[in-house]
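None of the figures in this text is laboratory data; all of them are computed from the coordinates on show. Treat the numbers as computed from the prediction; the structure is a model and nothing was measured. Neighbour counts are summed over all protein chains in view; Cβ atoms, including those assigned to glycine, are modelled from backbone coordinates with ideal geometry.
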Amino acid sequence: MNNTSDKSERHRKAMAKQKAKVDQRIAEAATEQGVLLVLTGNGKGKSSSAFGMVVRSLGYGYKVGVVQFIKGKQLSGEELYVREKCPEVDFHQMGTGFTWNTQDREADTAAALATWEEAARMLRDESVHLVVLDELTYMLAYKYLDEELVLNALANRPPSQSVVVTGRGGGSALQELADTVTELKDVKHAFKSGIKARKGVDY
Ligand code: ATP
Ligand code: MG
């Protein structure tokens with residue numbers, strides 16, 4: 001056997017072995033239930049990944065709910081698209097009542113609680129397949145929302161419902177409750193070399 005065919009034979013065998021392992025793991029994962037995902041860390045990609053799952057769910061005709069706990073200064077592309085083109089998405093954003101700048105704790109807490117009511121409603125509705133709670137972790141970190149209230153609602157949601165929570169921090173209890181936790185690592189970000197946030201990429 002020459003060198004090339006020897007190499008491809010080894011590759012074929014390695015791939016077959018790998019496939020057998022993956023097939024076995026797929027066969028063993030037999031539980032059908034919704035999952036709680038936490039996307040955290042300093043790297044870019046938390047909210048945009050959550051919106052990727054929104055699109056996936058919509059592809060199957062599922063009902064989706066999105067609650068954004070921080071209203072940015074800038075409109076985002078996903079907000080524009082979902083509001084205009086996806087009436088099947090129950091979309092809510094913390095209103096302008098949220099006052100990062102003024103540090104008005106009472107107003108912030110009231111805004112967070114009012115927004116949480118929308119999330120809580122979705123978390124009781126088994127017809128909603130996927131709920132995205134974007135930037136929820138900050139509400140816990142700043143104690144605008146009670147951790148126990150939030151964790152109870154997440155834990156007692158309909159079994160078929162999946163939830164994606166995004167944001168940095170959020171505490172260990174949330175991560176313990178979650179089925180999937182991904183920490184996005186900031187290796188490099190264009191912003192740090194002076195490149196402006198890009199429409200359709202960053203917002
Ligand atoms: P995205 O919405 O792009 O998925 P994200 O949800 O992970 O980002 P956020 O903390 O919510 O991150 O911030 C959103 C905005 O901040 C985006 O414009 C994103 O490009 C930018 N951003 C995210 N991570 C970093 C970082 N490590 N350094 C600089 N800018 C960042
Ligand atoms: Mg985000």
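How do 35, 82 rank when sorted from fewest to most other Cβ atoms within 10 Å of their own Cβ?
35, 82
Excluding the sites themselves, what is the longest stretch of the chain that contains no GluC sites (Glu not before Pro) in a DSSP loop with at most 16 other C-beta atoms within 10 Å?
Result, exposed sites excluded: 127-203.
Starting from the Cα coordinates of the chain, work out the convex hull volume and express it per residue in Å³.
Expressed per residue, the convex hull around the Cα atoms of the chain is 179 Å³.
Ranked by Cβ crowding within 10 angstrom, fewest neighbours first, how are 90, 186, 134 ordered?
By the 10 Å Cβ count, ascending: 186, 90, 134.
Quick one: angle between helix 105-122 and the longest Cα principal axis of the chain, in degrees between 0 and 90, rounded to 10, please.
Taking the Cα atoms of the chain, the angle to 105-122 is about 50 degrees.
Please identify, among 121, 105, 25, the residue showing maximal mean-square fluctuation in a Gaussian network model of the chain using a 10 angstrom Cα cutoff.
For the chain, modelled as a Gaussian network with Cα springs under 10 Å, the answer is 25.
Taking the simple approach of a point 7 Å from Cα along Cα-to-Cβ for both residue 62 and residue 151, what is their distance in nm?
My value for the distance between the label points is 2.5 nm.
What whole-number distance in Å separates the alpha-carbon centres of segment 1-55 and segment 131-203?
Here the two parts' Cα centres lie 23 Å apart.
With a 10 Å cut-off between alpha carbons and a GNM built on the chain, which of 53, 94, 15 moves the most?
Its mean-square fluctuation being the largest, the pick is 15.
Would you mind checking 63/199; 46/199; 44/196; 44/192; 46/85; 63/185 for any pair whose Cα atoms are more than 20 angstrom apart?
63/199; 46/85; 63/185
Identify the residues of segment 36-65 with backbone N under 19 Å of a label point that sits 7 angstrom from the Cα of residue 25 along the Cα-to-Cβ direction, or state none.
The answer is 36-38, whose backbone nitrogens lie closer than 19 Å to the label point.
Between 0 and 90 degrees, rounded to the nearest ten: what's the tilt of helix 3-28 against the longest Cα principal axis of the chain?
50
May I ask you to sort 123, 36 by Cβ crowding, counting other Cβ atoms within 10 Å and putting the fewest first?
36, 123
Quick check: pseudo-label points 7 Å beyond the Cα along Cα→Cβ at residue 86 and residue 32, how many nm apart are they?
2.5
Please list the non-local residues whose amide H lies under 5 Å from the amide H of residue 181, H modeled 1.01 Å from N, same-chain partners needing a gap of 5 or more.
38
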